[in-house]
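Below is one structure; the comments refer to it alone.
Every number in this text was worked out from the coordinates using simple rules, so none of it is lab data. What you see is a predicted model; the values in this text were computed from it and never measured. Neighbour counts are summed over all protein chains in view; Cβ atoms, including those assigned to glycine, are modelled from backbone coordinates with ideal geometry.
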Amino acid sequence: MTHTSNTAMAEPRDESLPWADEDAKRPVKVSIRHLYKIFGDDPKAALEKVREGMGKPELLEAENHVLGLSDINVDIRDGEITVIMGLSGSGKSTLIRHLNRLIEPTAGEILFNGDDILNWNEGQLRELRRKNMSMVFQKFALLPHRTVTENAAMALHTRGFARSEYEEEATRWLDRVGLGGYGEQYPHQLSGGMQQRVGIARALASNSEIMLMDEAFSALDPLIRTDMQDLLLELQAELHKTVVFITHDLDEALKLADHLVILKDGAVVQQGEPQHILLNPNDPYIEDFVADINRARVLRVRSVMTRGKPSGEDFAGDVDQNENLESVIARAEGAMDKRYRVTRDGKPVGTLDMKAIMKALVPRKVEG
Amino acid sequence: MATYDGLFDALGLRAWCDQGADSGPMSMADLLAKTKGDKAAEISAWDLPFPSLDALHKACSAIPQSRDLTQGLETGFLGIRDALRVVIDPLSQPLSWMLQDMLWLMTQTPWWIVMPVLFAITWFVTRSWKIVGFIAVMLGLLAFVDHYHEAMQTLAIIFVCAFVCVLLGVPIGIAMSRNDKLQRFVIPILDMLQTLPPFVYLIPLIFLFSVTEPKLYGIAIILYAIVPVVRLTDLGIRLVDKDVIEAADAFGMTNRQKLFGVQIPLALPNIMAGVNQTIMMSLAMVVIASLVSAPGLGVLVLRGIRNLELGVGLVAGFGIVVLAIALDRVTKASLARIDASQASR
Ligand SMILES: Nc1ncnc2c1ncn2[C@@H]1O[C@H](COP(=O)(O)OP(=O)(O)O)[C@@H](O)[C@H]1O
Ligand SMILES: [Mg+2]
């Protein structure tokens with residue numbers, strides 16, 4: 001199924017596929033286990049302190065080491081968009097650079113298809129970067145002295161293909177991201193949004209199954225940013241890549257994420273289904289994040305409905321489980337006493353009380 | 001009596017001082033001083049000499065004179081000279097051959113071949129007919145006042161020396177950019193080469209090689225002119241956008257692919273700026289090097305100074321200015337061409 005830009009928010013895609021059932025999990029592609037990264041002269045010694053419970057500010061104060069990442073455990077599932085969110089300095093870039101080992105960890109494991117890439121040698125790692133993982137950067141990082149086509153074909157060129165061999169593939173992906181006809185231009189002749197399209201085409205042309213995107217849209221104007229998010233969702237519906245997407249913007253995170261990981265001071269504070277985090281924040285830090293969100297537009301019927309076979313007759317009508325609350329409220333014309341039957345693909349799966357909607361619209365406070 | 005006699009007496013060193021007394025030959029100044037008699041004792045505080053080697057020697061003959069120092073250096077240098085030559089001679093011999101061949105090529109080939117070739121090179125690096133026309137006028141002017149031969153000699157030397165500078169300097173710069181330790185080691189050497197007046201390092205070179213060998217002035221010019229291309233290559237590669245380097249790593253480029261595909265192309269504007277400066281400094285040095293038998297326009301300038309032939313000196317000087325402008329224009333234009341193709345940064 002495809003998405004229209006204003007309703008496409010946080011939901012598992014490919015509903016037609018067998019694993020589309022919400023409870024069935026897709027296989028894990030990359031698994032991060034007990035990952036630590038400490039910047040400084042003697043990270044091993046500092047690691048002991050961190051394992052004993054020392055936090056980021058104390059470590060900086062007492063040991064003059066920066067705690068980059070602390071005991072990270074994340075499963076990145078095949079075909080999903082995993083969004084890592086956090087304020088600037090929370091360790092997002094550090095984390096994503098561990099996945100292709102641009103940064104060496106202090107301790108931990110990174111399992112790619114079950115194999116710890118920390119044991120890999122340089123040659124294996126190069127193969128991984130050339131064939132399995134591609135990257136899109138915040139500041140685009142295109143080669144300024146190469147044309148758009150040559151940039152898009154960077155991975156293929158690096159692998160040793162000649163221009164005649166890669167040109168068609170690169171042009172195809174440039175067309176796909178909406179840059180048909182720009183192939184002979186140089187990056188500086190394009191606008192920011194178009195440059196990032198080249199960045200995406202470059203990642204796609206490598207034909208890797210994993211795409212790492214470090215704040216890929218953060219440098220773009222809001223409107224262009226929305227376009228790019230839609231482009232990514234559209235491509236994702238078609239290609240089913242495993243995407244790791246970094247952002248500091250909750251709206252973007254909620255729009256894109258299948259799985260949301262929230263980082264603070266180098267540690268994961270909460271991770272899970274974005275709707276679930278929105279309704280059940282477990283930390284004041286996350287409450288601050290979600291406070292300004294338009295919840296009616298972000299939350300879906302399925303997140304607030306009562307599951308189980310609908311009983312009784314007094315339904316005001318049917319709503320699809322993937323509709324957002326805003327549209328249900330509009331349909332109810334503000335009435336508080338209505339009840340709806342929730343359907344998925346036309347089959348009833350639960351009931352929705354307008355009261356439940358009202359409750360969900362008020363952010364829940366963490367006790368204490 | 002010398003001024004510092006009292007000092008040595010007080011320190012009880014008198015016996016040590018007089019051991020080797022009167023062994024060295026006397027200088028003229030000493031003899032003059034002798035004939036004036038022992039008035040030194042009456043020296044007032046106002047005239048107190050600095051306790052230099054010579055002053056102390058007067059009081060204590062065991063202390064060497066300054067001229068012993070210079071002489072010692074000279075014999076020391078002559079002592080290691082042969083050993084040095086064994087190493088440096090074969091290494092630098094190709095430079096002599098290159099200089100000789102290039103001089104022969106550019107002066108013996110008829111002007112109606114050399115000049116079009118130079119114009120073609122100019123066109124090739126600048127792609128600008130305006131500059132080619134400018135060079136044609138400048139060279140024509142020099143040839144018209146019969147300085148063609150000398151100008152070609154000067155150009156030949158500059159071409160060879162700048163070529164060697166780039167050949168050595170760019171790899172050194174690249175190595176420096178990749179290794180902080182090497183950079184810390186090389187930068188003081190570059191600083192020294194740049195601050196030393198060129199006359200100063202002509203001196204050991206003259207001892208090392210005979211004045212008839214072209215490599216003598218070749219080495220002097222290269223030492224002087226290599227500094228900017230090394231510095232700017234190092235700087236240029238270090239200044240390449242970190243994000244772009246990271247992207248190269250993230251897409252699995254090898255170090256080689258990164259160096260030749262990303263770092264050098266992106267550092268090229270800086271490297272070319274270094275080449276421009278290197279060429280200009282070669283020109284400056286080739287004039288000074290005429291003191292040690294470098295042929296060309298510098299010889300005429302030198303003749304103008306030595307023989308007070310004002311006209312000869314002025315015309316040759318004008319020729320050097322013309323060459324300087326021409327070389328600068330050409331290298332700047334090719335630099336601008338490279339910059340234009342990378343205007344994004
Ligand atoms: N090379 C480094 N040396 C020291 N500290 C670093 C280095 N790289 C990152 N850090 C620190 O690690 C923390 C996380 O940085 P980063 O991953 O860039 O954050 P984010 O991408 O979330 O803004 C920051 O406190 C930063 O100062
Ligand atoms: Mg970052």
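In the protein assembly as shown, what percentage of the DSSP-assigned beta bridges are antiparallel, given to the nearest 5?
55 percent
What lysines sit close enough to A:K25 to cross-link, taking a C-alpha to C-alpha distance under 23 Å and skipping anything fewer than 8 places away on the same chain?
Partners within reach: A:K241, A:K255, A:K347.
Positive end of the dipole of the protein assembly as shown, charges at C-beta (+1 Lys, Arg; -1 Asp, Glu), about the Cα centre: which of A:T158, B:L216, A:A46 has its Cα farthest in that direction?
B:L216
For the protein assembly as shown, what is the charge dipole size about the Cα centre, in debye to the nearest 20, if Lys and Arg each add +1 at the Cβ and Asp and Glu each add -1 at the Cβ?
For this selection, approximately 1200 debye.
Rounded, prolate or oblate for the stretch B:280-336? Axes are the square roots of the Cα gyration tensor eigenvalues, ordered a ≥ b ≥ c, and the cut-off for rounded is a/c under 1.5.
It is oblate, given that a/c is not under 1.5 and a/b is not larger than b/c.
Once you order the gyration tensor axes a ≥ b ≥ c over the Cα atoms, which shape class does the protein assembly as shown get: rounded for a/c under 1.5, otherwise prolate or oblate by comparing a/b with b/c?
prolate
Which one of B:Y148, B:F119, B:L300 has its Cα pushed farthest toward the positive end of the charge dipole of chain B, where Lys and Arg give +1 and Asp and Glu give -1 at the Cβ?
Of the candidates, B:F119 comes out farthest on the positive side.
Would you mind classifying chain A by shape? Square roots of the alpha carbon gyration tensor eigenvalues, ordered a ≥ b ≥ c; an a/c under 1.5 is rounded, otherwise it is prolate if a/b is larger than b/c and oblate if not.
Oblate.
Near B:F260, within a Cβ-to-Cβ distance under 14 Å, what is the net charge of the other residues, with Lys and Arg +1 and Asp and Glu -1?
Numbers: positive: A:R146, B:R178, B:R256, B:K258; negative: none.
Once positives and negatives cancel, what remains is +4.
Please give the Cα centre distance for the stretch B:158-231 versus the stretch B:268-345, rounded to the nearest Å.
Taking the Cα centre of each part, the stretch B:158-231 and the stretch B:268-345 sit 17 Å apart.
Between exposed GluC sites (Glu not before Pro) in chain A, where DSSP calls loop and at most 15 other Cβ atoms lie within 10 Å, what's the longest gap?
Counting at most 15 other Cβ atoms within 10 Å as exposed, the longest clean stretch of chain A is A:53-183.
Positive end of the charge dipole of the protein assembly as shown (Lys, Arg +1 and Asp, Glu -1 on Cβ, about the Cα centre): tell me which of A:M358, B:Q257, A:N121 has its Cα farthest that way.
The one lying farthest along the dipole's positive direction is B:Q257.
Based only on Cα atoms, what Rg/Rh ratio does chain B have, Rh being taken as Kirkwood's radius?
1.14
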